[in-house]
Amino acid sequence: MKTAVVLFNLGGPDSPGAVKPFLFNLFNDPAIISWPKVPRWCLAKLISGFREKKAIEIYRKIGGKSPIYENTLAQAMALENELGGDKKVFVAMRYWHPFIADVVRDVIDYSPDKIVLLPLYPQFSTTTTGSSFSEWRNQATLQGLTVKTVDVHDYPTEGDFLKAYAGLMEPFYVEAQKFGAPRVLFSAHGLPQKIVDAGDPYQSQVEKTAAGILENFPFKNCDYRICYQSRVGPAKWLTPTIGDEIKVAARDGVPVVVVPLSFVSEHSETLVELDMEYRQMAEDLGVSYFGRVPAVGCHKQFIEGLAKLVRSAIAQ
């Protein structure tokens, strides 16, 4: 069976000039800001203009652009090699190139017998996977794509994903033990509290992922906390923040191992926010050790886990 697998990710600006339109696309998404169309458009223009300079500076620290496309493309190639046969993996980004509309055309040209939609968001949220799937269906309808399509809704407790992170954690934890009894900070991208209160399963799935990683971790009963990062705007977001927990760790005099469990590839939230900003905070507060576990990326077990999800979807 000829199958198209579509990997969904956020996307990121590929040049300083792309920062403002990328931000506009993000904040103009009704899944992000649920205002009516015209006022949402105006607010997105305002926010993207206001945040452009700061965002350009963030990306300047990592080469002037986001690495998320190249990282996602590498994951797509690894997955395609793992799947083998008549299966082609496409990369679709929500807010920058390659846009979902363009990928729908590429899939039509490929003429598959079946399509599998696979988000690179292990934990489901209406703001990420939900938004991407909605845009895919809109574009598929507009372009007349009628091929049988199966969604991989989420995979917060997929076994190989959990084992990959547990394995990546271990050397950092061992190193941290030289400085005392380590505290593991599971850091996930934040979400406005009102979205969770409305029934979004993201927070509960983040908690399941953390528990699942620890079940596969050789150091049982380790001290851990779940926290959130990347807050935007004045609204109430999920707590505690990673900054809060770094302050607590400094007060408690414990070394810290940070695990970005909702991120499966490196981008500004890991490379700048965690590796630079929060590492500096930890150093300034006197935290004895700050180890940041890498995202699973193209880790063999993670890719094998994604392949299992795809094969299961094809069999449906």
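The values are calculated or read from the model by the stated rules, or taken from the named source; none is laboratory data. Computed from a predicted structure; not experimentally measured. Heads up, the Cβs are rebuilt from the backbone with ideal geometry, glycines too, and the neighbour counts pull from every protein chain shown. Just so you know, the surface numbers come from the protein's heavy atoms only, side chains and all, with ligands and any DNA or RNA stripped out. Shrake-Rupley method; radii C 1.70, N 1.55, O 1.52, S 1.80 Å.
Structure values in brief
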item	result
Criterion: more than 17 Å from the chain's Cα centre (by Cα), farther than 14 Å from V264 by Cα and either without any contact (Cβ under 8 Å) to a residue 24 or more places away in the chain or not in a helix (DSSP H, G or I) (or both) - qualifying residue of G167, G85	G85
Which listed residue, of A282, A235, is in contact with a strand residue (DSSP E or B) (Cβ under 7 Å, 6 or more places away or on another chain) and at pLDDT 95 or above	A282
The stretch 221-241, subset touching a helix residue (DSSP H, G or I) at 6+ places or on another chain (Cβ under 6 Å) and within 15 Å of V259 (Cβ to Cβ), residue surrounded by the most Cβ atoms within 10 Å (Cβ to Cβ)	Q229
Options K65, K20; residue that is buried (at least 17 other Cβ atoms within 10 Å of the Cβ), at pLDDT 95 or above and either outside any helix (DSSP H, G or I) or β-branched (V, I, T) (or both)	K65
Unmet requirement for L43, which otherwise passes all of (1) under 26 Å from P234 (Cα atoms); (2) touching a residue at least 24 places away in the same chain (Cβ under 8 Å)	(2)
Members of the stretch 242-254 that are of a type in the set (D, E) and either farther than 21 Å from T270 by Cα or open to solvent by 60 Å² or more (accessible area, probe 1.4 Å) (or both)	D244, D252
